[in-house]
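Colleague: Dropping a structure here in structure tokens format, bear with me for questions.
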Amino acid sequence: MAAGVVWVALKGHPLGVTRHHCSVGGPMGMLRAVCPHGPPWYPRVRYGTPWVPIPSPHRSLRFHPRSAPSHSAGAMVVLRAGLCPGLTEEMIQLLRANNIRTVVDFVSSDLEDVAQSCSLSYKALVAVRRVLLAQFSAFPTNGADLYEELKSSTAILPTGNPSLDQLLDAGLYTGEVTELAGAPGSGKTQVCLSIAASVSLGLRQHVFFLDSTGGFTASRLYQMLQARVEDKEEQLEALQRVQVVRMFDIYEMLRALHEVRDCLSQQVESSAGPLKAVLIDSVSAVLSPLLGGRQSEGLAIMMQLARELKTLAKEFSVAVVVTNQVTRDSSTGALKSALGRSWSFVPSTRVLLQGRAVPWEEGAAPHTACLAKSPRQPTGMQVQLDIGSDAVQEQRPVTPTP
Amino acid sequence: MQRDVGSLPLSPALRARLLAAGFQTAQELLETGPCGLSKEIGISREEALEALQVVRQECAGDAAKTAGGSGSTRKCTALELLEEEQTQGFIITFCSALDNILGGGVQLTKITEICGAPGVGKTQLCMQLAVDVQIPECFGGVAGEAVFIDTEGSFMVDRAADIATACVRHCQLIAEAHQEEDHLQALETFSLESILSHIYYFRCRDYIELLAQVYLLPDFLSEHSKVRLVVIDGIAFPFRHDFEDLSLRTRLLNGLAQQLIIIANDHKSAVVLTNQMTTRFGQNQSMLVPALGESWGHAATVRLIFHWDNTQRLATLYKSPSQKESTIPYNITTFHLLKSFKIIKLRASGLPRCAASTCHPKCRRY
């Protein structure tokens, strides 16, 4: 086992930086190899960092070269003529006859056997494999470069609520997915509207609001803007920077996110200008009809959505905020976010909002926000939120009128 | 940039086969064509053709950005939405305090849920709304029709007739006081018979009938395009008994909620649901909370809770995207659900209070 640690930054991989100990194969065979020069089994990391030799891999080691989603397709690509210079149609037919259909099959098979059974030249096969690996594998970068890139591309967006900013370590970080969970009436939509108002008015950036519950009320957003700035022109401009899409189905949501990515990648300035925040209210409304029971299809779609969100956040440096429901933990009775354990790995920051339990009781507790998961702050931090009616800052106690 | 195969609305078995065969994007599927596709993954040509049609529609939908035959674009800026909201009407409830806390009345394109113990007045309010939605525009209403889906059998026609009669009476008094052309014209068509004939009544006996009715409702609404209110009286009743599998119940309810919000949004109508109350045990006390669990609480955009305080009925606005939480008292009288009423647009001062307390035998005609 090698003594060093190689930081393998999976370029474009939505999960950011992961760390691999260089044992053979790795935990799930996730070994990214790059072979611009030399034999293909030794990863050579760029920029002068030391490369770590890996013992020659076992025959059963599979490569899973994966490219950034923005490049053409992924590694499970079917072998096609013209995919790379040496690959001809007849070669493909011969390979297919030997049950080698995709790039992964080709790259992970033993070339000598293939050369013999398909009666193809070994040199040609090695050349093709080299080109395919270069095309489809991820390139590692070193940590210092990654840090510089993050420093230059990450921005921190204020949420418009000082106590929530304090909870989130100065605000929403772009490139990350943040989740707000709460019972009905706890203030999730209000916080989302406050974020939209703050980003579009304070920072003059565009905001994308995907509404799947019908809870977006433009008049409430207007009220919030009016409380922050007096000038009517600015209020109307800020309203124009908030794009609202209403979709009530998971496929429509995936399509809407895809459109956003398209717009951003083509850098169309007109509709989605300098987009900095994408707010989704709520994610559980479209996912919960699919989950539960014995269907596993719901989980697959949920992970597809997770991948879309993380790619959007990472590649285009936007802050993605999603809202979620809560369920009760069966053993302790405490509130926790819905959508299960698989979803709990998707957002990097999770905030639990709590309102009052019984609204018509006197002296009820105000809205609180509790940090349930964060990469930077200690969990369990709790602050009081002021979700007033007109001004976001002051808090008006609710008393039942006699 | 291409759509991922995993994000296309295909059946899960087909999707699994496509991914196993190595197809990654929609473009590859379209390039392969139906014959190649059926050979690669081993399905019949008709299935391959169907799948490709779905894919083509999705990709064309991306390019053209239409909203699936609903007629209303679902993507707009907040400014346009604000203008739309400001011109949208409300369905008044004839109780001014209730209208005030709701911000003008029951809002169109949103789901409003009314929760309460038995006997507190939920069905009364629903019947009132079914009549009020038909008030002509010159009197401050939305001039729409109503769909009433009843699961408990609590809809009484004679009570609805009483409410309708009182409403017609009220509008007649206003027209007499103001003497305007359009008022008198509107009153010609606004009568007891027309009101009752524009309430479309459906009776559903169990949850399967209810789900079927809701999923068939878009077709009905596209034929009757003047419907502006859908009332489901008793959404808790069919789901509370006869259900062993609670996760199935949650899934069905969530799917139902999404279908209702689609109906509310596409047809610009208000959806009103009534819910029962159940007891939840806290740490040292028990409280009354709305039934059907935590996840159902997210289905409604606006939530009203009706409850008792000794002998006084109270209404609390528990959840609303634009209004503050507050509580008001109300009463149910013979002809109206109200304590005092005022039509929001017309302020007829000096108008005699509508004879709610007197029962005029001539009023009852049906």
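We did not get these values from a lab; they are worked out from the coordinates using the rules stated. Because the structure is predicted, anything quoted here is derived from the model rather than measured. For neighbour counting, all protein chains shown are included, and Cβ atoms are generated from backbone atoms with ideal geometry for every residue, glycine included.
Colleague: Shape verdict for segment B:206-316, please, from the Cα gyration tensor: rounded (a/c under 1.5), prolate (a/b greater than b/c) or oblate. Each step should come with its number before you reach the end.
Modeller: Working: a/c = 2.43, a/b = 1.48, b/c = 1.63.
It is oblate, given that a/c is not under 1.5 and a/b is not larger than b/c.
Colleague: Then there is this: Taking only the alpha-carbon atoms of segment A:88-219, what semi-axes of the equivalent ellipsoid follow from 5 times the gyration tensor eigenvalues under a square root, in whole Å, largest first?
Modeller: 54, 20, 12
Colleague: Pick out which of B:V168, B:V133, B:V106 has the largest mean-square fluctuation in a Gaussian network model of chain B, springs linking Cα atoms closer than 10 Å.
Modeller: With Cα springs under 10 Å in chain B, the top fluctuation among B:V168, B:V133, B:V106 is at B:V168.
Colleague: Is the shape of segment A:77-128 rounded, prolate or oblate, going by the alpha carbon gyration tensor and its root eigenvalues a ≥ b ≥ c, with a/c under 1.5 for rounded and a/b larger than b/c for prolate?
Modeller: It is rounded, given that a/c, with a ≥ b ≥ c, falls under 1.5.
Colleague: Considering only B:G121, B:G36, B:G140, give the residue with the highest GNM mean-square fluctuation for chain B, with springs between Cα atoms whenever their separation is below 10 Å.
Modeller: In the Gaussian network model the winner is B:G36.
Colleague: If you build the Cα gyration tensor of chain B and take the root of 5 times each eigenvalue, what three semi-axes come out, in whole angstrom, biggest first?
Modeller: Largest first, chain B gives 45, 25, 19 Å.
Colleague: With a 10 Å Cβ neighbour count serving as the proxy for reagent exposure, in which order, fewest first, do A:S374, A:S186, A:S117 appear?
Modeller: Details: A:S374 19, A:S186 25, A:S117 13.
Final ranking by Cβ density, sparse to dense: A:S117, A:S374, A:S186.
Colleague: Can you tally the net charge around A:L239? Count Lys and Arg as +1, Asp and Glu as -1, for every other residue whose Cβ sits under 14 Å from the Cβ of A:L239.
Modeller: For residues surrounding A:L239, the net value is -3.
Colleague: Something else: Per residue of chain B, what 222 nm ellipticity follows from adding -39500 (n - 2.57) for every DSSP H run with n ≥ 4, rounded to the nearest 500? Could the numbers behind the result be given before it?
Modeller: Details: 13 runs with 157 residues, N = 366.
Estimated from H runs of four or more residues: -13500 deg cm²/dmol.
Colleague: Same structure, new question: Taking the dipole about the Cα centre of segment A:170-269, with the C-beta of Lys and Arg at +1 and of Asp and Glu at -1, give me whichever of A:L180, A:G202, A:A238 is farthest to the positive side.
Modeller: A:L180
Colleague: If you add up the charges near A:S348, with Lys and Arg at +1 and Asp and Glu at -1, over every other residue whose beta carbon is less than 15 angstrom from its beta carbon, what do you get?
Modeller: +3
Colleague: Percent of alpha carbon pairs in segment A:105-158 separated by more than 14 Å?
Modeller: For segment A:105-158, the fraction of Cα-Cα distances above 14 Å is 67 percent.
Colleague: Okay, next question. Got a sec? How would B:W308, A:W343 order by Cβ neighbour count within 10 Å, fewest to most?
Modeller: B:W308, A:W343
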